[in-house]
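The values are calculated or read from the model by the stated rules, or taken from the named source; none is laboratory data. Remember, it's a predicted structure, so these values are computed and weren't measured experimentally. To get the accessible areas, we keep the full protein, side chains included, count just its heavy atoms, and leave off ligands, DNA and RNA. Shrake-Rupley method; radii C 1.70, N 1.55, O 1.52, S 1.80 Å.
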Amino acid sequence: MKNTLLLFLIFTSMNIYSQQQKTIEHFTVRVREEVGDLNRDGLQDKVILTMDTVDAQRPLKLQIFLLQSNRKLRLEFSSKDVFNPQYPNGKYGGDQIPSISIENGNLILYSEIQDVKQYYTFRYQNGRFELIQITKIIWDGKDTTTETKFDLIKGEKTEVSKLLGSEKAKKKKPTKITLKALPTLQNFRNPENQLE
């Protein structure tokens, strides 16, 4: 009986230990870092993109730190779900490593998936990062690029097509889009599905 109880305790502790080991994250490789004022308080905030190179899928984590008046950074946002991992299912997924930038107080996330370039512009307002603009540039693989821009504040979608090497553009009339509320960085996955 004592041996059975001892074996049970050993196996239970091994199971708990192995479950704890699986939850450890290794986002130690800093891929991108950008500094700028996101909340328009005159202080330099920081955006960091890190990669977990121990995980075979190579997931990416986006973290946003706001600089406080006491000169300490406060974590405002952290997520592993904003960008696709580099190797989903163990194979290269076609995504380039994303870029981040801060322009005019807005956070811009840039990603490139095969022949599609995507820019997502967020503003920090009311304690949230709200998506205010999406720009997609698609090359058809031959001789035409199409830029589609969603201005979520105006509620407009515009599309411009150009032949490569030409300055002439074929612009479609802007169409109205309706939103109940601006998508946020917290619910960022596939925001275009909410627009069309």
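Give me the Å³ per residue figure for the convex hull around the C-alpha atoms of segment 115-196. Each step should come with its number before you reach the end.
Details: hull volume 8.4 nm³, N = 82.
Per-residue hull volume (Cα only) is 102 Å³.
Which percent of the accessible area of segment 60-196 is formed by carbon and sulfur heavy atoms (probe 1.4 angstrom)?
On the way: 3830 of 8290 Å².
Here carbon and sulfur together make up 46 percent of the probe-accessible area.
Can you spot the lysines whose alpha carbon is less than 17 Å from Lys180's alpha carbon? Ignore those fewer than 8 places along the same chain.
Lys154, Lys157
What full-extension length gain, to one decimal in nm, is calculated for Gln96 and Lys72 as 0.36 nm per residue of separation minus the Cα-Cα distance? The partial results should precede the final answer.
Working: separation 24, 0.36 × 24 = 8.64 nm, distance 3.23 nm.
Full extension from Gln96 to Lys72 adds 5.4 nm.
Report the gain in length on full extension from Asp81 to Asp151: 0.36 nm times residue separation, minus Cα-Cα distance, nm rounded to one decimal. Write down the numbers at each step before the final one.
Details: separation 70, 0.36 × 70 = 25.20 nm, distance 2.35 nm.
Gain on extension, Asp81 to Asp151, equals 22.8 nm.
Once you keep just the Cα pairs under 8 angstrom separated by 6 or more residues, what percentage relative contact order results for segment 32-166?
Values: 297 pairs, mean separation 19.0, N = 135.
Relative contact order comes out at 14 percent.
Under 1.5 on a/c is rounded, so check that first for segment 94-161, then, if it is not, pick prolate when a/b is larger than b/c and oblate when it is not; a ≥ b ≥ c are the square roots of the alpha carbon gyration tensor eigenvalues. The partial results should precede the final answer.
Numbers: a/c = 3.16, a/b = 1.50, b/c = 2.10.
In terms of gyration-tensor shape, oblate.
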